[in-house]
Structure formats: C-alpha cells, structure tokens
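Each reported figure results from applying straightforward, stated rules to the coordinates on display, with no laboratory input. If you're wondering where the values come from, they're calculated on a predicted model, not measured in any experiment. Neighbour counts are summed over all protein chains in view; Cβ atoms, including those assigned to glycine, are modelled from backbone coordinates with ideal geometry.
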Amino acid sequence: MNDFNGKVAIVTGGASGIGEAIARDLARGGAKVIVADLNKEHADKVADEIRAAGGAAEGFAVNVAHADEVERMVAFAVDTYGALHLAVNNAGIGGPIAPVADYPLDGWKSVIDINLNGVFFCVKYEIAAMLKSGGGAIVNMASILGSVGTPGSSAYVTAKHGLLGLTKATALEYAQQGIRVVAVGPGYIDTPLLSNNLDAATLGMLAGLHPVGRIGRSEEVSALTCFLLSDAASFITGSYHLVDGGYTAQ
C-alpha cells in the first residue's frame, strides 16, 4: 500500500471508472481526496463511500473546460484540507467519430476544451497551490492515443498528443521546485466511457487488439498512477507511462 498519510489530493473525473478507482486507492493510502466531477451526485456518492470506509473525501462539481471552475476546485481543496500535494487530471471525453473532413467543429472544440485546455487549467492552478504546500506530484491521464493514432478520432488523438507535450514542458519548469509531473497512457479500459457507448461485438474487437487478449481494468491503471504519485517514484518526472496490455508494442 502506498503511504499518502498527510497528503491532500484532487482527482478529476473521479466519480466513475479510472478516476473513481484512483480516488478510492488514494484514500485507502491515507490521502484526503477531492472527488471532482461534472456529475456532482456521483462524486458525492463516491466521497460518501470513502468516508464510510474510514477515509476522508469530499465531492466537488467541476467542468474542467472552464478555468474559473478549476480555480474554485483547487481553492476548495486548500480551504477544506489546508493544502494540495497530489493531483490526477483524469477528466475527459471521447468525442465524435468521423474522418477529419467530416469532423464536426463543435465536437472538435469540445474535445480540445476538455481533454487539453482542461488539463492546462488544472495544472496551472494545482501547481500554484502545490508551491505553497512544499511541492507535490501530478499525473495527467493521457492514453495510448497520445503516442499512436486511430482513424476517426482526430480531436481525441490531437488532445492526448498535446497533453504529453504539456506534461514534459511543465515537468521541466518545476523539477527544481519539488513538483513532479508525469503522464499515464492506458489502453482500452473497461469503464463507462466504453461500456455505455459500445456494443459487445465492438468491445470484443477492442479486446483482440491487445496482445494480452483483453481490455484493461480501472484498478490496473490506478495501481500505476498511485505508484507514480508516491514517494517511491521520487526520481520520475516528465515521462509517459503506458498501461496497455502490449497494445503499443506491436
């Protein structure tokens, strides 16, 4: 178990899937967690369950595409628990599926606003708080599509590639100030983003794309993420870590 006692964490997209698994694992490790999500009801439910299990957590409603809401989220964490040490910028959407010439402009804007601009807003305000807290660690949730492409998802691929550049630049800027910044690249993971939008045949096809023969689980992404946030990863920054069942090794 990673030791997060005395740490305060924010997890965006924390009400379900990968974010929920990370929020629960951080709390089990002793962190006080802000479960931030567009869906306040679900965020509160996860926070309630964390508290019922003996942890410390609060739900918070945020649309990361709006800088002012992100700023309020970070202020809420500091006001509630006194500091900010850890952050997982996980909120994201898949967006429309279409070739570039037919890609809807509003869909492009939504994906970039949430998946890229939203991470920039989070990092911007999280770092300001972490500098006052004596340092910290940030994980930006990328994807295998941060390093490879796929047809029909130009906005998502572009956002995730951009997120890796943001991660590297930010890590270099704050390495000597005690803040580490890394990215995690999951393969296809069994989350509501997949299961609520794809039929069984498509899910089976996606499973076959991974050499291990299945899609991943949220807990597997959380295990890597929590390690990277922990003091055991103190010499790791500016890097991109895949948890993809061998997808990108092909």
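The protection proxy used here, the mean number of other Cβ atoms lying within 10 Å of each residue, ranks peptides 120-128, 78-86 as follows, highest first: 120-128, 78-86. By the rule of a C-alpha distance below 16 Å, with chain neighbours fewer than 8 residues away ignored, the lysines paired with K160 are K109, K168. Taking Cα atoms only, the orientation of helix 17-28 departs from the longest principal axis of the chain by about 20 degrees.
With N residues in the chain, what two-decimal value do you get for its Cα radius of gyration over 2.2 N^0.38 Å? Numbers along the way, then the final one.
Values: Rg = 17.0 Å, N = 250, 2.2 N^0.38 = 17.9 Å.
It is 0.95.
List the relative contact order of the chain as a percent without decimals, with contacts defined as Cα pairs under 8 Å and 6+ residues apart.
Working: 519 pairs, mean separation 47.1, N = 250.
Rounded, it is 19 percent for the chain.
Farthest towards the positive end of the charge dipole of segment 32-136, among the residues V62, G136, P96, is the Cα of G136, using unit charges on the Cβ of Lys, Arg, Asp and Glu. Close amide H contacts of K7 (hydrogens built in the peptide plane, cut-off under 5 Å, sequence separation of 5 or more or a different chain): K32. Distances between placed amide hydrogens fall under 5 Å for R180 paired with G136, A137, I138, all partners being 5 or more residues away or on another chain. For chymotrypsin sites (Phe, Trp or Tyr not before Pro), the sites in segment 148-250 that DSSP calls loop and that have at most 10 other Cβ atoms within 10 Å are F235. Between the Cα long axis of helix 67-81 and the first principal axis of the chain there is an angle of about 40°, rounded to the nearest 10.
Contact order normalised by length for segment 1-109, with contacts defined as Cα pairs under 8 Å and 6 or more residues apart; what percent is it? Present the calculation step by step, with values, prior to reporting the outcome.
Details: 197 pairs, mean separation 30.7, N = 109.
Computed over segment 1-109, the figure is 28 percent.
Residue ranges 90-97, 21-28, 107-114 sort as 21-28, 90-97, 107-114 when ordered by packing (mean number of other C-beta atoms within 10 Å per residue, highest first).
Residue-wise HN-Hα couplings along segment 148-155, as the Karplus relation 6.51 cos²θ - 1.76 cosθ + 1.60 with θ = phi - 60° gives them from phi, are 10, x, 8, x, x, 10, 4, 5 Hz; Gly and Pro carry x. Annotation: lysines with alpha-carbon distance below 20 angstrom to K7 (same-chain offsets under eight excluded): K32, K124, K132.
Taking Cα atoms only, the orientation of helix 218-229 departs from the longest principal axis of the chain by about 50 degrees. When only the Cβ of Lys, Arg, Asp and Glu is charged (+1, +1, -1, -1), the dipole of segment 8-240 relative to its Cα centre reaches about 480 debye.
The relative contact order of segment 151-250 comes to 39 percent, based on Cα pairs under 8 Å that sit 6 or more residues apart.
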